[in-house]
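Where a number appears in this text, it was derived from the coordinates with a stated rule and is not lab data. What you see is a predicted model; the values in this text were computed from it and never measured. Positions of Cβ are generated from backbone atoms using ideal geometry, with glycine treated the same way; all protein chains shown enter the neighbour counts.
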Amino acid sequence: MRILVTGGAGFLGSHLCERLLTEGHDVICLDNFFTGSKDNIIHLMDNHRFELVRHDIVEPILLEVDRIYNLACPASPVHYQYNPVKTLKTSVMGAINMLGMAKRVKARILQASTSEVYGDPQVHPQTEAYWGNVNPIGIRSCYDEGKRVAETLMMDYHRQNKVDIRLIRIFNTYGPRMAEHDGRVVSNFILQALRNEDITVYGDGSQTRSFCYVSDLVEGMCRMMECDDFTGPVNLGNPVENTILEFAEKIITITGSKSKVIFSPLPQDDPKQRRPDISLAGERLGWKPQVELDAGLARTAEYFAGRIGKG
Ligand code: NAD
Ligand code: UDP
């Protein structure tokens, strides 16, 4: 098949492009390089089935493809809050442009949505049936509401125009090729630990997250795309939940670091707890994560050590 991956030069997108090429597909990677980088895909450039298109998804584009993975959107709070209006345009206009393409060429389209559609959840763990608790006017809203609108657009194109859609809600995912300066907890803590700098826990560190290794996530994403008669939404993530403080201590141990934990103010609207209920993914896709947190973190630390010359 000919497969379009928007945001293909980003963290998740580059792993997905790699996987699709391995399966023998032709891959078009579309990216504006806002948070993605050529480093992430340089190893794919020599493959004659790989094509790179520098393009901003806010603008329409004409391509002929069989599948569209719509991943283009900055994902870390530091990046998506840098230009919130652009973040919203990317989610909303990007979804409209990609859905228009899917409709025109009768391609199947998968939208990368997020656990952020559940906001600061009052239901725990989060199932797909939960409608969420999102602040519509806060500093995270450009991302959360943009993704919620993208979900709405997907469902409406499906009902109104019979577009063949797939919706996944991705929970915190980590691994090699995360951007170094994206401010996310995994990259921040690992880099601080490797440099023996203070580990910056926001708030008292009692907030929880559940971290999924990138290869598991890509497997779930591909299974969902090729699953017939199931639009989703489906949660994809690792249900093993840790407090952020536990997570800091784990990273100090794994890296053998001399770092100490320090506490800084909690950002506005930071969700207090997050853990996916992945029963639906198990039933419909036969999917569950395989990589243990310690093993995934060790591989990620090795990657960052290489990046900063400590490998
Ligand atoms: P990332 O920032 O590494 O990748 C996003 C990619 O999209 C980058 O390559 C960026 O340059 C590109 N992009 C951004 N705006 C664009 C635009 N207007 N036009 C074209 N390209 C544009 O982030 P990621 O972690 O790889 O996330 C990929 C997708 O998965 C995003 O849609 C994100 O919302 C979603 N997601 C990720 C996570 C996670 O934990 N990583 C969790 C939930 C959802
Ligand atoms: N966090 C932290 N220190 C950091 C970066 C993040 O304590 O240096 C916390 C953050 O406040 C949040 C959690 O870690 O509670 C996950 O943050 P991230 O930005 O990685 O993802 P998200 O909040 O979008 O789940």
Please report, largest first and rounded to whole Å, the three semi-axes of the ellipsoid equivalent to the stretch 57-163, where each semi-axis is the square root of five times an eigenvalue of the C-alpha gyration tensor. 25, 17, 10
Which one of Asn238, Pro265, Met225 is farthest out on the positive end of the charge dipole of the chain, using unit charges on Cβ (Lys, Arg +1; Asp, Glu -1) and the Cα centre as origin? Met225
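Mind putting a number on the dipole of the stretch 250-297 about its Cα centre? Charges go on the C-beta only, +1 for Lys and Arg and -1 for Asp and Glu, and I need it in Debye to the nearest 20.
The dipole of the stretch 250-297 has a size of about 180 debye.
With Rg and the Kirkwood Rh both taken from Cα atoms, where does Rg over Rh land for the chain?
Using only Cα positions, Rg/Rh for the chain is 0.95.
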So what does log10 I(q)/I(0) come out to for the stretch 1-47 at q = 0.25, 0.28 Å⁻¹, using the Debye formula with one equal point on every Cα and no solvent? -0.83, -1.03
Can you give me the P(r) profile for the stretch 114-200? Cα pairs, bins 5 angstrom wide beginning at 0, each as a whole percent. 3, 12, 17, 16, 17, 15, 11, 5, 3, 2, 1, 0
For the chain, share of DSSP beta bridges that run antiparallel, in % to the nearest 5: 10
Unit charges at the beta carbon, dipole of the chain: most positive-side option, Gly205, Tyr118, Ala150: Ala150
Starting from the coordinates of the alpha-carbon atoms of the stretch 236-279, obtain the Kirkwood hydrodynamic radius over all distinct pairs and give the value in Å to one decimal. 12.7
For the chain: relative contact order, % (alpha-carbon pairs under 8 angstrom, 6 or more apart): 17
Applying the span-like rule to the chain (DSSP H, Cα extent along axis at least 18 Å, Kyte-Doolittle mean at least 0.0) gives 84-105
Would you mind working out the magnitude of the charge dipole of the chain relative to its Cα centre, with +1 at each Lys and Arg C-beta and -1 at each Asp and Glu C-beta, to the nearest 20 Debye? 320
With viscosity set to 1.002 mPa s and temperature to 20 °C, compute the Stokes-Einstein D of the stretch 76-129, Rh being the Kirkwood radius across alpha carbon pairs; µm²/s, no decimals. 159
Could you list, bin by bin from short to long, the percent of Cα-Cα pairs of the stretch 50-95 in 5 Å steps? 5, 18, 28, 24, 13, 9, 3
Across every pair of different alpha-carbon atoms, what Kirkwood hydrodynamic radius in Å does the stretch 261-311 reach? 14.8
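In debye, nearest 20: dipole of the stretch 161-311 around its Cα centre with unit charges on the Cβ of K, R (+) and D, E (-)?
260
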For the table Lys86/Lys106; Lys38/Lys162; Lys106/Lys147; Lys38/Lys103, the rows whose alpha-carbon distance is greater than 26 Å are Lys86/Lys106; Lys38/Lys162; Lys38/Lys103
log10 I(q)/I(0), Debye, Cα-only the stretch 183-311, no solvent, q = 0.09, 0.18, 0.19 Å⁻¹? -0.31, -0.99, -1.05
